[in-house]
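Below is one structure; the comments refer to it alone.
FYI, it's all coordinate maths here, none of it is from the lab. The shown structure was predicted, so the numbers you read here are calculated from the model rather than taken from an experiment. Positions of Cβ are generated from backbone atoms using ideal geometry, with glycine treated the same way; all protein chains shown enter the neighbour counts.
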Amino acid sequence: MTVKNEYWNFLRSSILNSYSQIFFSKKKGFAILVLLATFLNPELGLWGFLGVVFTNILAHGLGFNKHTIKEGLYGLNSLLVILGLSVFFKVNITFIFVFLTINIFTLILSVGLSNLMAKNGLPFLAFPFVIGIWITFYVMNSYTNLEVDEGSVYFLNDIFKFGGLTLIEIYETYDNFPIPDIVKGYFKSLSAIIFQFNWIAGLLISIGLLIASRISFTLSIIGYLTGYLYYVVVGENVQNLQYGYIGFNFILFAIAVGAFYFISKRKVHLAVIVLTPVLGLLITGLSGFLSIFGLPVFALPFMIMTTLIIYVMNFTNKKDLFPEAIYQTYSPEKNLYNYYNYFERFGSNKYLMKIGLPFFGRWKVWQGPNGKHTHKGEWKNAWDFVIEDKDQNSYKNDGVFLEDYYCYGTPVVAPADGTVVNIIDGVEDNDPGDVNIAQNWGNTIVIQHAEYLYSQISHLKEDSFKVKIGDFLTKGDQIAKLGNSGRSPQPHLHFQIQSTPYVGSKTLEYPLSYYINYKDTGEKFLSFKYPKEEEDISDVKINKILNKAFKLIPGMVFKVSSSNDNFKDSEWEVHTDAYNLTYISCANSDSYAYFVYDGTVLYFTTYEGNKNSLLYYFYLSSFKIFLGDYKSLDIKDTFPIHSVFNGLIKYLQDMIAPYYQFCRGDYESKLMEINKENNTFIINSSLNKKIAGKSVGKIDFKVFGDEISLNKITVNTENDSFDIQIEHITNF
């Protein structure tokens, strides 16, 4: 793509986003409908469009943040200011002068406020618009050549100016269409956001809102109806919702808090309803106060309320009430589905550090959380491990000597990357049956893995440490040998996770990332779970062939083709973005598949782009690949709903997603064959789409590869079967 084409694409995106960002969206179709709605008053529409173009070109020319410009965040405020300027003042030389001046001022204000508020983790919303339009209102008293345009204030006069009596008759026919006043009021409140005063503009916006986001559309209705009910209860004039730029505050607040800045859960929707009367109180109070200065309230109440909610929720210890949309997709549905999918897959979004077992091989959970002996109170979330034989004995012979115990003297390893921050050494081992209460923890090491995240390993052997305080450890590094020091009647390994670096700190409830659980029915791979008392578990033994084939390194390039003529040959490349997240891109389909490779599992997190692409089928087939050397072990996972469902059924699911989810996409994979002579493997996997628990479609895959790379994926749907050939053309 040429530099010129890149610039025009950039400018087009920045213009369209300036319109859709009014409703916290980046959908192009929605932006076009909002743009068309502004042109129901052609003069307003034209000047608003020119204001957006001028601001974005100026911002780009001055070298401001290109990402923010493209997002439409600067253009949004200029659009609203110019729409307000156009609706209240006549177009003349003074108007054009003020148009240029106020655009420059709004841009400067937007850049300044965006950076100032970002330091506190707050959005700058439309504060530049409110400040800019207020200043315009003030200067009209001094700028005698800036004339008030009563024709635009009274919409019929403006219609007459462009279409005469014929256009007025057409408008009145539609305006008098028999729909309930409360519905018409909702549409007019939507139209007031862009300084229109007719329900037809609001209808266009509502259609765009429904197409862009079913959740935002639903919340816009909830916000308006709750505000309407509040006005009825307190005795306010409900007509003020449609006029005076008041009603849309309830709509924008509901969308911002209930769908955009926070995950759109039931509790969040309930909170929006509960907080709406507070917003109503703020609207009434600010309206009265600002009327002293002759200023309309505009969107100020919504912005103050939204900013306060975002700010105060930083100080709560109950983040589940208002879970923040950390990875913003500009789609409430995607934010919600990703949020629930992450919790189902990994337990919680707070378990970002993967902490494994502090040993190799198969061990028994001798005592688990809330254990039968010592794991009580603040120390309840801990484990004790021993090694047992097939007869469930932890020792051979009579167990009289320490050396009789299978785990005594075995290597103890770092459960995750980290730094050694505390060591206790020099405590002698107890004889079996004896305990050292005075030195309760015995020889101990504490490792820091992240801020406020430490692991403690106790009852180690005296003088067996291989590390010292300050050493950085990699997961699996040997740190010491197991002994029987401290309060330990027989050799066992005590392991706990805590938030402070002190020996004996209270424990954290924190899951172990990956381990194998041995049951009567066979082996089971578990991730982000809590080993229970009496369970047999082990660390994961990695298969070198699988590990090499699925180790996707940034810079790798693959040529991909298919036996299905509906797919064009394409090229995939592995990248790392600014946040150090890895993804595969397909230039032909403009698609991206984000993944995590951690040495034990390769799993995909997000897919964006064309679902009719070969990359999409790779995403489906390899959604979660276990790299362990365990043939026929079932690996199960769940897809985000939006990544596997389309059409009407997804629209219906979107409408009620915060309250109930009836769609589900189950994933399963299994290592079927591993040939260590020619270093090849075959993995079977599948996607099973379900509605209300009933299967409605299944796709089966076979993934073939060798020690160098993936080779082929076979795809079997209900209607088609085809192969995907993969050729690795780079080698790092």
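Points worth noting:
- Rounded to the nearest 20, the Cβ-based charge dipole of the stretch 362-538 about its Cα centre (Lys and Arg +1, Asp and Glu -1) stands at 540 debye.
- Sum of -39500 (n - 2.57) over DSSP H runs of 4+, divided by residues of the chain (222 nm, nearest 500): -12000 deg cm²/dmol
- Farthest towards the positive end of the charge dipole of the chain, among the residues 260, 103, 589, is the Cα of 103, using unit charges on the Cβ of Lys, Arg, Asp and Glu.
- C-alpha long axis of helix 28-38 to longest principal axis of the chain, angle in °: 20 degrees
- Long-range amide H partners of residue 711 with built H, under 5 Å: 704, 705, 706
- Convex hull of the stretch 556-634 built on C-alpha atoms - directionally averaged projected area, nm²: 6.2 nm²
- Label-to-label distance for residue 530 and residue 551 is 3.6 nm, based on points extended 7 Å past Cα in the beta-carbon direction.
- Amide hydrogen neighbours beyond the local backbone of residue 588, cut-off 5 Å, H modeled: 571
- Solvent-free Debye calculation, one equal scatterer per alpha-carbon of the stretch 362-538: log10 I(q)/I(0) at 0.09, 0.15 Å⁻¹ equals -0.28, -0.84.
- For residue 692 and residue 316, the FRET efficiency from 1/(1 + (r/R0)^6), where r spans their Cβ atoms and R0 equals 51 Å, is about 0.90.
- FRET efficiency estimate (nearest 0.05) - Cβ-Cβ, residue 28 to residue 343, R0 30 angstrom: 0.45
- Hz values of 3J(HN,Hα) by residue in the stretch 524-535 - Karplus curve (6.51, -1.76, 1.60), Gly and Pro given as x: 9, 8, 10, 10, 6, 10, 10, x, 9, 4, 6, 7
- For the chain, fraction of C-alpha pairs farther apart than 53 Å, in %: 26 percent
- Degrees between helix 93-118 axis and first principal axis of the chain (Cα, 0 to 90, nearest 10): 20 degrees
- Counted charge near residue 604, where neighbours are those whose Cβ lies closer than 10 Å (Asp, Glu -1; Lys, Arg +1): 0
- Whole-Hz Karplus values for the stretch 608-617 come out as 10, x, 6, 7, 9, 9, 5, 5, 4, 5 Hz, taken residue by residue from phi with 6.51 cos²θ - 1.76 cosθ + 1.60 and θ = phi - 60°; glycine and proline positions read x.
- The stretch 409-429 and the stretch 206-225 have their alpha-carbon centroids 56 Å apart.
- Of 401, 550, the sequence from fewest to most neighbouring Cβ atoms within 10 angstrom is 401, 550.
- Fraction of the pair-distance distribution of the stretch 292-367 above 20 Å, Cα-Cα pairs, percent: 60 percent
- Calculated from backbone phi, Karplus (6.51, -1.76, 1.60) coupling profile of the stretch 504-510 in Hz, x at Gly/Pro: x, 4, 5, 8, 9, 7, 9
- Rounded to 10°, Cα long-axis angle of helix 199-212 versus longest principal axis of the chain: 20 degrees
- Of 66/698; 519/551; 390/468; 66/650; 188/334; 468/506, those spanning more than 32 Å from alpha-carbon to alpha-carbon: 66/698; 390/468; 66/650
- Distance violations [Cα-Cα > 20 Å] among 541/689; 624/694; 541/712; 354/529; 481/532: 541/689; 624/694; 541/712; 481/532
- Estimated FRET transfer efficiency (residue 596, residue 437; beta-carbon r; R0 51 Å; 0.05): 0.70
- Listed residue (340, 669, 710) projecting farthest to the positive dipole end of the chain, Cβ model: 340
- About its Cα centre, the stretch 544-728 has a charge dipole of approximately 520 debye under the convention of +1 per Lys or Arg Cβ and -1 per Asp or Glu Cβ, with nothing else charged.
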